[in-house]
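**Q** Structure in structure tokens, see below.
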Amino acid sequence: MAMDRDQVLKAAAALLSRKSTATMDEVARAAGIGRATLHRHFAGRDALVRALEGLGIQEFEAALDRARADEGDASAALRRLIAEMEPAADLLAFLVTENQLFEGDQVNEGWARLDARVAALFRRGQEQGEFRIDLPPAWLTEALYGLIGTCAWAVMDGRVAKNDFQYMIAELLLGGAQRSVEK
């Protein structure tokens, strides 16, 4: 049986986003392939997680490109980014909980690229007077990732409505990040 690697990764991402402890057998079943076929392409869970990391970084970079994060006012750009990230939110939620991806000296350089681009959006918002200057762009970046991941889990668990995903994240983050204008 021929295997489409991207389809297997997407099936693995969907399963692991819902059940992070899924076995390789469960991943193979979810992808509609045999365990031996899965192991020929991914030697084990670590290799699969690293491949998912690559897919996640690629998805996030594409979302940043589609959101045109460096155009217009920063608040609108942030709302566009949240909207573009929504389809990959489940994968991001899974990846940010995989400590192995962020330990040691083999951290994928893609994370640093993403962090820099998102932090630049927050920095631009600060320079334009839209966002608070007492919160570092790096912290606002981490807060965005956390809210996306947490909201993805809440939607998956049925605790919040999927239709509210973008609104809840943007309102909570912007409500805390926006600079208040004193009268």
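Read-outs: derived from the displayed coordinates by stated rules, not from any lab. Predicted model only: the values in this text are computed from it and were never measured. Here the Cβ positions follow ideal geometry from the backbone for every residue, glycine too, while neighbour counts run over all protein chains shown.
**Q** Above 22 Å lies some portion of the pair distances; for the chain, what is it as a whole percent of all C-alpha pairs?
**A** Numbers: 8195 of 16653 pairs.
Here the long-distance tail beyond 22 Å is 49 percent of all Cα pairs in the chain.
**Q** Jot down the radius of gyration and Dmax of the range 68-151, Cα atoms only, both in angstrom.
**A** 13.3, 38
**Q** Among 79-90, 99-110, how do they line up by average Cβ neighbours within 10 Å per residue, starting with the highest? Each step should come with its number before you reach the end.
**A** Numbers: 79-90: 20.1, 99-110: 10.8.
Answer by packing, highest mean first, reads 79-90, 99-110.
**Q** If you don't mind, there's one more thing I want to ask. In a GNM of the chain with a 10 Å cut-off on Cα contacts, which of Phe131, Phe60, Phe42 has the highest mean-square fluctuation?
**A** Fluctuation is largest for Phe42.
**Q** Enumerate the amide H contacts of Phe131 below 5 Å, restricted to partners 5 or more residues apart or on another chain; note that Pro and chain-start residues carry no placed amide H.
**A** Amide H neighbours of Phe131, under 5 Å, 5+ apart: Gln126, Arg179.
**Q** OK, next. Tell me the mean residue ellipticity at 222 nm calculated for the chain from its helices only (DSSP H runs of n ≥ 4, each -39500 (n - 2.57), averaged over every residue, nearest 500). Present the calculation step by step, with values, prior to reporting the outcome.
**A** Values: 9 runs with 123 residues, N = 183.
Result for the chain: -21500 deg cm²/dmol, rounded to the nearest 500.
**Q** Which distance in Å, rounded to a whole number, links the C-alpha centroids of the range 109-165 and the range 29-85?
**A** Going from one Cα centre to the other spans 16 Å.
**Q** In the range 1-43, what is the volume of the convex hull around the alpha carbon atoms, normalised per residue and reported in Å³?
**A** 58
**Q** Also, quick follow-up: Please compute the length gained on full extension between Glu61 and Asp73, using 0.36 nm multiplied by the number of residues separating them and subtracting their Cα-Cα distance.
**A** Values: separation 12, 0.36 × 12 = 4.32 nm, distance 1.98 nm.
Roughly 2.3 nm would be gained on extension.
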